[in-house]
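Here the structure is laid out as structure tokens; the discussion comes afterwards.
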Amino acid sequence: MVTEKEIWQHLDDVFDPEIPVLTVADLGIVRKVEVSPKEITITITPTYSGCPAMQRIESDIREKISEVVDIPVRVTLVLAPAWTTDWITETGKKKLEEYGIAPPVDEPDKSVLFAEPIVVPCPKCTSKNTRMISQFGSTACKAHYQCNDCQEPFDYFKCLR
Amino acid sequence: MNALFEYLLRVGDDSLILGHRLSEWCGHGPILEEDIAMTNIALDLVGQATSILKYAGEVEGKNRSEDDLAFLRFDRDYRNLLLVEQPNGDFGMTMMRQFLFDAYRKPLFEQLTNSSDSQLAAIAEKSLKETKYHLRHSAEWTIRLGDGTEESHQRVQEALDTLWRYTPEMFIDDEIESELRKTGVTFSVEELHASWTKIAKEVFDEATLVIPDNNWEQSGGRKGYHSEHLGYILAELQYMQRAYPGMKW
Ligand SMILES: [Zn+2]
């Protein structure tokens with residue numbers, strides 16, 4: 001019988017459809033893997049409520065794991081505890097940066113209405129002299145920044161807590 | 001009447017209708033960044049509506065899915081605030097509507113994260129994280145436009161004058177609220193109102209905007225009495241399911 005550990009290893013081959021360098025494990029959205037003789041259950045949690053990639057991720061996981069086991073694979077979605085960018089693994093953050101997306105930096109809680117602007121280093125030249133163009137970027141999870149030194153426009157994977 | 005079901009429709013329909021309104025800006029934003037911002041927020045709201053209406057369907061126990069509730073109810077069965085169905089108007093009007101709403105939703109979700117209903121608490125925890133971003137965005141624009149040029153100030157002040165009458169509806173304390181409060185599902189409407197007022201005052205001061213000194217009030221959405229605008233929204237939102245019942249893609 002397949003083990004839980006093996007399932008986790010196979011999940012390393014399931015990639016985020018929008019940021020294809022990250023695996024679902026890197027993103028920290030796989031919350032639980034349960035193996036029984038009759039069924040494999042994988043519990044995932046969405047990044048953002050309306051993230052259109054979730055359905056795709058769900059079916060990609062089911063497809064991938066179904067290739068290696070011959071019992072039904074069930075993927076369930078839970079909302080609590082709510083996903084936070086703190087769950088992105090260190091490897092995941094490194095991969096983001098190499099891909100040209102600035103990984104989330106330690107941001108103060110946004111219950112403060114007007115927080116101080118944060119420093120997001122440029123993923124291309126590492127300059128800290130960057131500016132936010134828009135809080136909302138190409139997907140729900142990203143903000144849009146530009147480097148004042150090398151002029152590179154880049155995505156910032158914004159901190160969600 | 002199932003109080004929890006009614007309550008979930010209120011929260012879910014607010015998200016759905018405002019999400020739909022914002023999606024109307026897709027391809028029409030004044031600048032590309034705002035086009036993207038408004039559609040991102042729309043996506044969050046429609047996502048929230050999906051979770052909430054799905055749960056509403058389970059609570060009701062009549063086998064209705066989130067899609068059934070969104071696409072197959074008539075206007076009188078919708079429970080959203082009149083505020084969220086108001087037309088987009090100009091960008092200033094849209095931002096003012098958004099700010100008035102975000103400033104209400106943030107403290108609401110803060111309350112609901114402590115709900116005795118664990119599913120509602122989970123949805124609130126998830127939505128709160130997103131709502132903080134929304135509020136920061138709409139508050140910044142309210143200030144930028146209010147404390148901006150003569151024209152931007154005038155337009156956004158007009159938006160406030162127009163929309164102010166729809167805000168008391170957010171804080172109506174009725175039998176649904178009081179019943180759910182008994183079991184700790186929901187919390188004090190009065191405290192919610194106080195939190196909202198604090199945020200609104202702080203931002204309007206900064207924005208040099210003046211709260212209208214009349215007490216005109218328009219409400220009805222929570223009971224299913226809507227303005228004519230909702231019918232047009234539903235005509236668009238529900239068209240495919242009405243024209244081709246049960247279609248999937
Ligand atoms: Zn740079």
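The values are calculated or read from the model by the stated rules, or taken from the named source; none is laboratory data. From a predicted model like this one, the values you see are computed outputs, not experimental measurements. Backbone-built Cβ (ideal geometry, glycine too); neighbour counts: all protein chains shown. In case anyone asks, the SASA skips ligands and DNA or RNA and just uses the protein heavy atoms, side chains included. Shrake-Rupley method; radii C 1.70, N 1.55, O 1.52, S 1.80 Å.
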Can you confirm whether segment B:91-100 contains a residue that is within 13 Å of another protein chain (Cβ to nearest Cβ) and either at negative phi or open to solvent by less than 10 Å² (accessible area, probe 1.4 Å) (or both)? yes
Does at least one position in segment A:46-69 carry a residue that is hydrophobic (A, V, I, L, M, F, W, C), modelled with pLDDT under 95 and in contact with a Ser or Thr (Cβ under 7 Å, 6 or more places away or on another chain)? no
Please tell me if B:Thr208 is over 15 Å from the mean Cα position of the chain (by Cα), at positive phi and open to solvent by 20 Å² or more (accessible area, probe 1.4 Å). yes
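Please verify whether B:Trp196 is surrounded by 17 or more Cβ atoms within 10 Å (Cβ to Cβ) and free of Cβ contacts under 8 Å to residues at least 60 places away in the same chain, treating the condition exactly as stated. So that I can check it myself, show each step before the final result.
Values: surrounded by 17 or more Cβ atoms within 10 Å (Cβ to Cβ): yes; free of Cβ contacts under 8 Å to residues at least 60 places away in the same chain: no.
Taking the combined requirement at face value, the residue does not satisfy it.
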Selection count, segment A:36-56, where residues are more than 14 Å from chain B (Cβ to nearest Cβ) and either under 20 Å from the mean Cα position of the chain (by Cα) or not aliphatic (A, V, I, L, M) (or both): 7
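Each row is one residue, and each column tells you yes or no for (1) loosely packed, with under 14 Cβ neighbours inside 10 Å; (2) more than 18 Å from B:Asp68 (Cβ to Cβ).
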site: B:Ala200; (1), (2): no, yes
site: B:Asn214; (1), (2): yes, yes
site: B:His226; (1), (2): no, yes
site: B:Tyr244; (1), (2): yes, no
Please go through (1) modelled with pLDDT of 95 or more; (2) surrounded by fewer than 13 Cβ atoms within 10 Å (Cβ to Cβ); (3) more than 16 Å from the ligand (Cβ to nearest atom) for A:Asn129 and return the number of the only condition it doesn't satisfy. (3)
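Quickly run through segment B:1-28 and pick out the residues that are of a type in the set (Gly, Ala, Ser) and over 20 Å from B:Ser116 (Cα atoms).
Quick first cut of segment B:1-28, residues of a type in the set (Gly, Ala, Ser) only: B:3, B:12, B:15, B:19, B:23, B:27.
Matches in segment B:1-28: B:Ser15, B:Gly19, B:Ser23, B:Gly27.
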Restricting to segment B:117-174, what's the tally of residues that are more than 14 Å from every other protein chain (Cβ to nearest Cβ) and under 30 Å from B:Glu58 (Cβ atoms)? 6
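Condition check ((1) within 11 Å of the chain's Cα centre (by Cα); (2) assigned to a loop (DSSP other than H, G, I, E, B)) across all residues:
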position	(1), (2)
B:Val11	yes, no
B:Leu16	yes, no
B:Ile36	no, no
B:Glu58	no, no
B:Lys62	no, yes
B:Asp67	no, no
B:Phe99	yes, no
B:Asp102	yes, no
Restricting the search to segment B:175-215, which residues are of a type in the set (Gly, Ala, Ser) and part of a helix (DSSP H, G or I)? B:Ser178, B:Ala194, B:Ser195, B:Ala200
I'd like the full set of residues that are without any contact (Cβ under 8 Å) to a residue 40 or more places away in the chain, touching an Asp or Glu at 6+ places or on another chain (Cβ under 9 Å) and open to solvent by 10 Å² or more (accessible area, probe 1.4 Å), limited to segment B:2-28. B:Cys26, B:Gly27, B:His28
Just give me the residues in segment B:115-127 being closer than 13 Å to A:Tyr48 by Cα and open to solvent by 20 Å² or more (accessible area, probe 1.4 Å), in sequence order. B:Glu125
Return the residues of segment A:51-71 that are over 30 Å from B:Thr113 (Cα atoms) and open to solvent by 80 Å² or more (accessible area, probe 1.4 Å); say none if nothing qualifies. A:Arg62, A:Glu63, A:Glu67, A:Asp70
With the requirement that a residue be surrounded by 15 or more Cβ atoms within 10 Å (Cβ to Cβ) and more than 13 Å from A:Arg62 (Cα to Cα), what does segment A:22-45 give you? A:Leu22, A:Thr23, A:Ala25, A:Asp26, A:Leu27, A:Gly28, A:Ile29, A:Arg31, A:Val35, A:Thr45
Looking only at segment B:228-242, how many residues end up being open to solvent by 30 Å² or more (accessible area, probe 1.4 Å) and either within 20 Å of B:Leu163 (Cβ to Cβ) or within 23 Å of the chain's Cα centre (by Cα) (or both)? 7
Can you pull out the residues in segment B:29-67 that are open to solvent by 10 Å² or more (accessible area, probe 1.4 Å), more than 14 Å from chain A (Cβ to nearest Cβ) and closer than 20 Å to B:Leu120 by Cβ? B:Val59, B:Glu60, B:Gly61, B:Lys62, B:Arg64, B:Ser65
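With respect to A:Glu107, is the statement that it is exposed (fewer than 14 other Cβ atoms within 10 Å of the Cβ) and away from the ligand (no atom under 16 Å from the Cβ) true? Please lay out each step first, then the result.
On the way: exposed (fewer than 14 other Cβ atoms within 10 Å of the Cβ): no; away from the ligand (no atom under 16 Å from the Cβ): yes.
In short, no.
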If the Cβ limit is 6 Å and pairs must be 6+ apart or interchain, which residue in segment A:84-100 that is within 14 Å of chain B (Cβ to nearest Cβ) pairs with which residue that is open to solvent by less than 80 Å² (accessible area, probe 1.4 Å)? A:Thr84/A:Leu160; A:Thr85/A:Pro104; A:Thr85/A:Cys159; A:Thr85/A:Leu160; A:Trp87/A:Gly28
Would you mind stating whether A:Asp60 is outside any loop (DSSP other than H, G, I, E, B) and within 13 Å of chain B (Cβ to nearest Cβ)? no
